[in-house]
Amino acid sequence: MKNRFLVSLLFVLLLAVVVAGSFVSSKLWTPKVKKIEPVKSIVINDSMTIGQIGAVNHLNKKILKSVFGIKDEKGFKEKFVNVGIPKEVAINRIKVKMALMAENKTKNWTKIKIKFILWILVLLTMFFLLRSGRVRRNNRKLIYLGVVILFGVILGSEPGPMGTIKDSIVLFGEYKTLFLPRLISLLIMLLLVVLANKFICSWGCQFGTLQDLIFRLNEDNKGKPVFKRFKVPFAVSNSIRVIFFIIFTVIALNWAFDIISPINPFKIFSPALFGIVGIVFVAFILVLSLFVYRPWCHFFCPFGLIGWLFEKISIFKIKVNYDKCIACGLCEKSCPSNAMKAILRGKKIIPDCFSCGSCIESCPTKAITFSAGIRKSPPKGKFDKLDNR
Ligand code: SF4
Ligand code: SF4
């Protein structure tokens, strides 16, 4: 039997390991170029040659060639006034090129490649484990811990599923451009959602799995909560998530300001980047995770919202075989969110399902599977008894 003291101790120990480990590992992975300040003002006069524009603004030949359409060395001696590009257009193009160059140079590409390869391997393994019903209470927490250590503590805060959407919107707001590698990452993440129901959030996201692990620390050996848990109605959590997404997007697109950055919880894996506001906010989210399932995912995460929309067309997902189902309700009781309640009753709006497998494990007749195909509706009145209990 776990008591409250033990749960609190495990919680503190986990966070100490995560923060201390991430602090050390983020130092080891630091890219050669940490940050390139975006260019605020570009100097261009009609009388300048392209070469002079490059020299005054510290632009390399590659940028000059692509901005001014230069084909050979002679082009650098051409006067700006003769190139036929309006000054504002040229300045904007230079800023975009510099921003993309900064994105490129500040990334640790080796780490990013390793992370994507490991993501695919881990998700494939989890896919087979979940389908064969081998994700159970005795190993689920260990798997989450492994994912947090591997994709968070060791491989860091970036990339993460959330950043693919958040940073794309912020960059577009600032420079009206998109960073191709990030767009490709986003497409891969969304493809994973379409293939297997938010699997990247379930078993790959470093912060999502940390919240899941914390939530599951708060239970005894039989799976009963030690501290009281709360299921927030999906209409409430999703409305907050939609409003937050709209506010974030409007501010990012109109004022090029990233409101998530100061509170970005993924920075727990790069703790040196936190300010005081971030520390307070993330501490709040992590403590809340003991009582509410994945609060950041349900209330704030932009990828959580977009992933939830894409979940609707997922190929593999949690399904119920109503011929085997005896309407005992154990699955919805074991589900950490409101997802199983809606799935079981064949509702049109299904809250986020994080493919944790708790419902599969709890079903006494093996009526629940993680399988491909369309969900069927339950026979009329099947759950009347359960609803009237
Ligand atoms: S919804 Fe949760 S699991 Fe998914 S990207 Fe956001 S933080 Fe990660
Ligand atoms: S329905 Fe609930 S219990 Fe089942 S996999 Fe989804 S989140 Fe987990």
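Taken together, the values in this text are just the output of simple stated rules run on the coordinates, not laboratory data. Please read these numbers as outputs of a predicted model, since none were measured by experiment. All Cβ positions, even for glycine, are placed from backbone atoms using ideal geometry, and neighbour counts span all protein chains on display.
Where Rh denotes the Kirkwood radius from the mean inverse Cα pair distance, what is Rg over Rh for segment 47-199?
Rounded to two decimals, Rg/Rh equals 1.19.
Report the one residue of PRO379, ALA327, CYS359 whose Cα lies farthest in the direction of the positive end of the charge dipole of segment 316-388 (charges on C-beta: Lys and Arg +1, Asp and Glu -1; origin at the Cα centre).
About the Cα centre, the residue reaching furthest to the positive side is PRO379.
Which whole-angstrom value gives the distance between the alpha carbon centres of segment 114-154 and segment 162-227?
14
Given labels modelled 7 Å from the Cα in the Cβ direction, how far is it in nm from SER41 to GLU73?
Computed distance between label sites SER41 and GLU73 equals 3.4 nm.
Using only Cα atoms and rounding to the nearest 10 degrees, what angle (0 to 90) does helix 234-255 make with the longest principal axis of the chain?
Roughly 0 degrees between the two axes.
Please list, by residue number, everything in segment 250-281 whose backbone N is under 18 Å from a paramagnetic label point 7 Å out along Cα→Cβ of LEU309.
Inside the label zone: 250-254.
Multiplying the sequence separation of LYS348 and ASN104 by 0.36 nm and subtracting their Cα-Cα distance, what value in nm do you get? Each step should come with its number before you reach the end.
Details: separation 244, 0.36 × 244 = 87.84 nm, distance 4.23 nm.
Between LYS348 and ASN104, full extension yields an extra 83.6 nm.
Set Lys and Arg Cβ to +1 and Asp and Glu Cβ to -1, take the dipole of the chain about its Cα centre, and tell me which of ILE263, VAL250, VAL287 lies farthest positive.
VAL287
Zone of ASP387 (label point 7 Å along Cα→Cβ, backbone N under 11 Å): which residues in segment 321-349?
345-347
So for the chain, Kirkwood radius off the Cα pairs, Stokes-Einstein at 10 °C and 1.306 mPa s: how many µm² s⁻¹? Each step should come with its number before you reach the end.
Working: Rh = 23.2 Å.
In µm²/s, the coefficient is 68.
Would you list HIS58, HIS298 from fewest to most Cβ contacts within 10 Å?
Details: HIS58 9, HIS298 25.
Final ranking by Cβ density, sparse to dense: HIS58, HIS298.
Applying 1/(1 + (r/R0)^6) with R0 = 45 Å to the Cβ-Cβ distance of ALA55 and ALA235, what FRET efficiency is obtained, to the nearest 0.05?
Working: r = 59 Å, r/R0 = 1.32.
Efficiency at R0 = 45 Å is approximately 0.15.
Once you keep just the Cα pairs under 8 angstrom separated by 6 or more residues, what percentage relative contact order results for segment 50-105? Before the final figure, lay out each step's value.
Working: 27 pairs, mean separation 20.6, N = 56.
Rounded, it is 37 percent for segment 50-105.
Based on the Kirkwood radius over alpha-carbon pairs, what is the Stokes-Einstein translational diffusion coefficient of segment 252-292 at 20 °C with 1.002 mPa s viscosity, in µm²/s? Kindly include the intermediate steps, with their values, before the conclusion.
Working: Rh = 11.1 Å.
So the translational diffusion coefficient is about 194 µm²/s.
Hey, if you put +1 on the Cβ of every Lys and Arg and -1 on every Asp and Glu Cβ in the chain, which of LEU10, THR49, ASN138 ends up farthest toward the positive end of that dipole?
Result: ASN138.
What is the pair-distance distribution P(r) of segment 316-388, computed from all Cα-Cα distances in 10 Å bins starting at 0, with each bin given as a whole percent?
Over segment 316-388, the share of Cα pairs per 10 Å bin runs 21, 62, 17, 0 percent.
Can you tell me the length gained on complete extension of the stretch ILE188 to LYS228, counting 0.36 nm per residue apart and subtracting the Cα distance? Let's see the in-between values first.
On the way: separation 40, 0.36 × 40 = 14.40 nm, distance 3.74 nm.
Contour length minus the Cα-Cα distance gives 10.7 nm.
Fully extended, how many nm does the chain gain between ALA256 and LEU118 (0.36 nm per residue separation, minus their Cα-Cα distance)? Walk me through the numbers before you get to the answer.
Working: separation 138, 0.36 × 138 = 49.68 nm, distance 3.32 nm.
Contour length minus Cα-Cα distance gives 46.4 nm.
Using only the Cα atoms of segment 50-105, what do you get for the radius of gyration and for Dmax, in Å?
When restricted to Cα atoms, segment 50-105 yields Rg and Dmax of 10.8, 32 Å.
Can you tell me the dipole magnitude for segment 316-388 around its Cα centre, using point charges on the Cβ only (Lys, Arg +1; Asp, Glu -1), in Debye to the nearest 20?
On the way: 14 positive and 6 negative charges, 56 e Å.
With Lys and Arg at +1 and Asp and Glu at -1, about 280 debye.
Which three semi-axes in whole Å describe the equivalent ellipsoid of segment 148-267, each the square root of 5 times a Cα gyration tensor eigenvalue, listed largest first? Before the final figure, lay out each step's value.
Details: eigenvalues 169, 68, 38 Å².
So the three semi-axes of segment 148-267 are 29, 18, 14 Å.
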